1. Can you give the relative contact order of the chain as a percent, counting alpha carbon pairs under 8 Å and 6+ residues apart?
2. Can you tell me, using C-alpha contacts under 8 Å and at least 6 residues apart, the relative contact order of region 58-174 as a whole percent?
3. Determine, from the Cβ-Cβ distance of residue 31 and residue 134 and an R0 of 51 Å, the FRET efficiency 1/(1 + (r/R0)^6), rounded to the nearest 0.05.
4. Within region 247-289, name every residue whose backbone N is under 20 Å away from a label modeled 7 Å from Cα of residue 177 along the Cβ vector.
5. Can you work out ³J(HN,Hα) from phi for every residue in region 105-114, in order, using Karplus 6.51 cos²θ - 1.76 cosθ + 1.60 and θ = phi - 60°, giving whole Hz and x for Gly and Pro?
6. Would you kindly work out the equivalent ellipsoid of the chain from its C-alpha gyration tensor and give its semi-axes, the square roots of five times the eigenvalues, largest first in whole Å?
7. Add -39500 (n - 2.57) for each DSSP H run of 4 or more in the chain, then divide by its residues: what number comes out at 222 nm, to the nearest 500 deg cm²/dmol?
8. Could you bin all the Cα-Cα distances of region 110-264 into 10 Å bins starting at 0 and give me the percent of pairs in each, rounded to whole numbers?
Amino acid sequence: MYCRYKKRTEGKKLNQVYEKLLACYECVRKKTDFQPKVAIVLGSGLGDYAEHIKVISEIPYSEIEGFPVSTVPGHAGRFIFGYVDKVPVVCMKGRVHYYEGYPISDVVLPVRLMKMMGAEILFLTNAAGGVNTSFHAGDLMMIKDQIAVFAPNPLIGENIDELGVRFPDMSTVYDRELQKLMVQAAKDNGIFLQEGVYAQLTGPSFESPAEIRMLRGMGVDAVGMSTVVEAIAANHMGMRICGISCISNLAAGMTANPLTHEEVQEAADMAAPNFKKLVTETVKRMAAE
Ligand code: HPA
């Protein structure tokens, strides 16, 4: 895989973003030759998902030179390599967010790296605010589509031709077959699953009630501060993508309570058992994909 990426650039000056990516890849490959099929990004509430994995090896992000390391409490970062049932996976325990001050190319570097390791499928998870008035705190929502216009596009700048085309199609970012798998996995396990559109805003401030009303008018069902830019970068590289939001709270203005990070974290932790079950049962079914 690495050769494929490197070879095509011979004789050409490397793009700096790509150069950093290749350096990180080289660093990872010195530590493990594990070939994942599915890359899972663990959002709030899934922090201890490693318990559900037969772990083969781990790499703390801090051991990968140049890799962006999260500054948010509760997002301590490492790659976990192993198996969910028979499916080889790489999990990101902790992701970096744009609001931490990293360039957007750094925010999506880990996802690109996991594709280079061999992952064909990207499973994105997050905690999100419910914008749809029929949602409740603790609901799980399958992401059917996304709104990216409030976050910087990670493909801005010179196109990295080795990764994908200049103008990638975005008409089916979330893979239809994977959505069917997830819906069936939820049904078979008696897990209630909402469906909807996720919008990423930059944060770190939560939204105002007026912003939430605007988002609802635009067709947004859940709002958060991650995921969309990662999906754009993964789609650019041809990954098949699926995603789940854990609705940790109703968004601003929908209840009398002000929002706090702690409350969001606690609610995400409460929904964690079903969340983990759904991730596991969906990934298991990816063996045949
Ligand atoms: N807004 C943005 N991001 C979030 C929220 C929210 O209400 N809840 C969890 N992440």
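The values are calculated or read from the model by the stated rules, or taken from the named source; none is laboratory data. No experiment lies behind these values; they were computed from the predicted model shown. Glycine gets a Cβ as well: all are built from the backbone with ideal geometry, and neighbour counts include every protein chain shown. Side chains included, ligands, DNA and RNA excluded: accessible areas come from the protein's heavy atoms. Shrake-Rupley method; radii C 1.70, N 1.55, O 1.52, S 1.80 Å.
1. 25
2. On the way: 94 pairs, mean separation 19.7, N = 117.
Normalised by residue count, the contact order of region 58-174 is 17 percent.
3. Details: r = 46 Å, r/R0 = 0.90.
That gives a FRET efficiency of 0.65.
4. Residues 279-289 qualify, since their backbone N sits under 20 Å from the label point.
5. Result, ordered by residue: 5, 6, 4, 9, 4, x, 5, 4, 5, 5 Hz.
6. Values: eigenvalues 170, 93, 63 Å².
Calculated on Cα positions only, the semi-axes equal 29, 22, 18 Å.
7. On the way: 8 runs with 90 residues, N = 289.
Result for the chain: -9500 deg cm²/dmol, rounded to the nearest 500.
8. 11, 39, 33, 15, 2
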